[in-house]
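The values are calculated or read from the model by the stated rules, or taken from the named source; none is laboratory data. Not measured: the values here are computed from a predicted model. Cβ: placed from backbone, ideal geometry, glycine included. Neighbour counts: every protein chain shown. Just the protein is used for accessible areas: all its heavy atoms, side chains included, with ligands, DNA and RNA removed. Shrake-Rupley method; radii C 1.70, N 1.55, O 1.52, S 1.80 Å.
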Amino acid sequence: MGVITAPARRPRRVKKPGRLIAEIICVVIAGMVAFPVYWMVLSAFKPTGQIQSDNPRPWTLTPTLEHFERVLSGEGFALFFLNSVIVAVVVVALSLLLSFLSAVALTRFNFKGRTVLLVMVLVAQMVPVEALTIPLFFLMRSVGDVAPAFGTNHLGSLILVHLAFSLPFAIWMLRGFVAAVPQELEEASKIDGASRMRFTWQILFPLVAPGLVAISVLAFIHAWNDFLFAKTFIISNTENQTLPLAILVFFKPEDTDWGAVMAGSTLMTIPVLVFFILVQRRLVSVMGGAVKG
C-alpha cells in the first residue's frame, strides 16, 4: 500500500510593513471621520443633563427620545422635510438630464466654441460659492419680477441656484465617461440601423450609468444639506423653508437646545444614508454588469 501524505500547507501570507501601516492609518482616519457622527447620534439620545454636563461621557445608560419628540412636534417640520425632498429630487433629476445631454454634445459633436465652453465649465468650478451668493440674490430677485415661481422666497430659486452649481462639475465628470465609450460602437449601431437618438438613450446612457449615479449622490447631498442658499433666498416665506432652517430655531443666544439640534441633525442624515445605500447598490450592479459584458 502506498503511503498517503498530507497535503502541503500553504505558507502563511505575511503582510508587508508598509501595507500594515497604511491599513492602520486608514482605520485611524475612518475613526476620526465616524466619531463626530457617533457623537451626534449619542447626543440625540442623551438626557439634557448629560449633554450639559462638565464631564461628558462617550456613552449613556439612560437613553431618551424626548429630543426627537420635541423636533417632530415642532411647527412645520413635516412641511420643511417635504420642501427639502422636492428641492433635492428636482435638482438631481435636472442635473442628470442636462449634464448627460451637455456631455454628449461636448464630446460627440464638433462645433465652433466647444473649447471655450469647456474652459468656462472648468472655470465655473473655481469660483467660491460665497463670492456669488449676493449677486445671485439680486439676480433671483430680478427673475422673480418676470417669473415669480423662481424668485426669492420660492423653492424655484433654490432649485435654479443648486442646479447652476451642480452642472459644471457634473458635465465635466460625465464628459470623461462619454469619451470612454468607443466611437466604433456608435458606428456599429448606425450600421445596424440605430438612429443617433436610439444610440444615445439605449446604448450610451446605460454605459455611463456609473457616472450618473455618482453625480446623483453629489447633487442630492449638496441640495439636501444646503443652509447658505436657503437662508439667503428664503427670507420671509416660512412655508418654503427647508430642514436646515427648521433646525436653526433651536439655536438661541443664551440657551441653545443641543439635544434638539442633534436629534434634528440625525433625522436629516437618515434620508442621505438611505439614498446613498440604494444608489450604491445600483452602482455596484451596473459596474458588475459592465465587467461581465
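The fraction of accessible area contributed by carbon and sulfur in the chain is 68 percent, rounded to a whole number (1.4 Å probe; ligands and nucleic acids excluded).
At a Förster distance of 22 Å, what's the computed FRET efficiency of residue 256 paired with residue 82, Cβ-Cβ distance as r, to 0.05? Provide the component values of the computation, followed by the final result.
Working: r = 26 Å, r/R0 = 1.19.
The computed FRET efficiency comes out at 0.25.
Using θ = phi - 60° in the Karplus curve 6.51 cos²θ - 1.76 cosθ + 1.60, the 3J(HN,Hα) couplings for segment 62-67 round to 10, x, 9, 10, 5, 5 Hz; x is entered for Gly and Pro. Each Cα pair under 8 Å and six or more residues apart adds its sequence gap; the mean of these over the residue count of segment 47-192 is a relative contact order of 29 percent. Only residues of segment 137-181 count here: report those whose backbone N is under 16 Å from the spot 7 Å along Cα→Cβ of residue 116, or say none. Of the residues in segment 137-181, none has backbone N under 16 Å from the label point off residue 116. What FRET efficiency, computed as 1/(1 + (r/R0)^6) with R0 = 22 Å and r the Cβ-Cβ distance, is obtained for residue 24 and residue 269, rounded to the nearest 0.05? The computed FRET efficiency comes out at 0.20.
Where in the chain are the DSSP H helices whose alpha-carbon span along the long axis reaches 24 Å or more and whose Kyte-Doolittle mean is at least 1.0?
Values: long enough: 17-45 (41 Å, 1.75); 77-108 (46 Å, 2.27); 129-146 (25 Å, 1.27); 155-179 (35 Å, 1.73); 258-292 (50 Å, 1.34).
Result, helices passing both filters: 17-45, 77-108, 129-146, 155-179, 258-292.
Each Lys and Arg contributes +1 and each Asp and Glu -1, all at the Cβ; summed about the Cα centre of the chain, the dipole is approximately 1740 debye. Within segment 141-182, what residues put their amide N at less than 11 Å from the label point 7 Å along the Cα-to-Cβ vector of residue 218? Residues 166-176 qualify, since their backbone N sits under 11 Å from the label point. A DSSP coil position with no more than 15 other Cβ atoms inside 10 Å describes the following GluC sites (Glu not before Pro) in segment 176-266: 254. Estimated at 0.36 nm per residue, the fully extended path between residue 238 and residue 60 surpasses their Cα-Cα distance by 60.5 nm. In the chain, helical runs assigned H by DSSP with n ≥ 4 each contribute -39500 (n - 2.57); averaged across all residues and rounded to the nearest 500, the mean residue ellipticity at 222 nm is -22500 deg cm²/dmol.
At a threshold of 8 angstrom on Cα-Cα distance, excluding pairs fewer than six apart, so keeping six or more, what relative contact order does segment 76-288 reach in percent?
Numbers: 197 pairs, mean separation 67.3, N = 213.
With pairs under 8 Å counted, the relative contact order is 32 percent.
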